[in-house]
Amino acid sequence: MTALRIFSAVIFVAISGYTAIVGENHGYGLFTVFFGDMAAMGWPGQFNLDFMFMLALSALWVSWRHQFSGVGLLLGLLAFVGGASFLSIYLFIVAGQSNGNAKELLLGRARV
C-alpha cells in the first residue's frame, strides 16, 4: 500500500502542476474544448469519449464502494468531475485507512 500511496501522491502533484500551467497558458475553459473535440469527431474527441467513460467507471466504483449512500453518490460525482486529481487523493486516503488490506481497499470496509 505504501507504493500505491506514493504513486497517488506523485499523480496528484503532477496533474495539479500540469493543470495550473495549462490553465495559465490557455485559460480554464476545459469543458468547451473537451466537448468541442468530441463534436468534431476526430481522434482528440475519440480520446475524450474514452476518457469520459473511464471517469464514469471510476465514479461508479467509488459510489458502489460506499454502497450508493448519499456520501457515496457525492464522492462518485467528484470522481467523475475531478478525474485523476480526485482519484489520487481518494486512493491515498483509503489505502492508508485499509492498513494493507487490498480486499478492504477494493470493496470498502462494509463488504469485508
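The values are calculated or read from the model by the stated rules, or taken from the named source; none is laboratory data. If you're wondering where the values come from, they're calculated on a predicted model, not measured in any experiment. Note that each Cβ is placed from the backbone with ideal geometry, even for glycine, and that neighbours are counted across all protein chains shown. To get the accessible areas, we keep the full protein, side chains included, count just its heavy atoms, and leave off ligands, DNA and RNA. Shrake-Rupley method; radii C 1.70, N 1.55, O 1.52, S 1.80 Å.
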Among the residues of the range 15-37, how many are open to solvent by 60 Å² or more (accessible area, probe 1.4 Å), in a helix (DSSP H, G or I) and free of Cβ contacts under 8 Å to residues at least 40 places away in the same chain?
10
For the range 38-50, indicate whether the set of residues that are touching a Lys or Arg at 6+ places or on another chain (Cβ under 6 Å), part of a helix (DSSP H, G or I) and surrounded by 12 or more Cβ atoms within 10 Å (Cβ to Cβ) is non-empty.
no
Consider F53 carefully, then state whether it is free of Cβ contacts under 8 Å to residues at least 40 places away in the same chain, out of contact with any Gly (no Cβ under 6 Å at 6 or more places or on another chain) and not in a helix (DSSP H, G or I).
no
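Residue-wise test of (1) among the acidic types (D, E); (2) surrounded by 13 or more Cβ atoms within 10 Å (Cβ to Cβ).
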{"position": "L55", "(1), (2)": "no, yes"}
{"position": "R65", "(1), (2)": "no, yes"}
{"position": "L78", "(1), (2)": "no, yes"}
{"position": "G82", "(1), (2)": "no, yes"}
{"position": "I93", "(1), (2)": "no, no"}
{"position": "G96", "(1), (2)": "no, yes"}
{"position": "N101", "(1), (2)": "no, yes"}
{"position": "E104", "(1), (2)": "yes, yes"}
{"position": "L107", "(1), (2)": "no, yes"}
Can you confirm whether the range 85-93 contains a residue that is more than 14 Å from the chain's Cα centre (by Cα) and at pLDDT 95 or above?
no
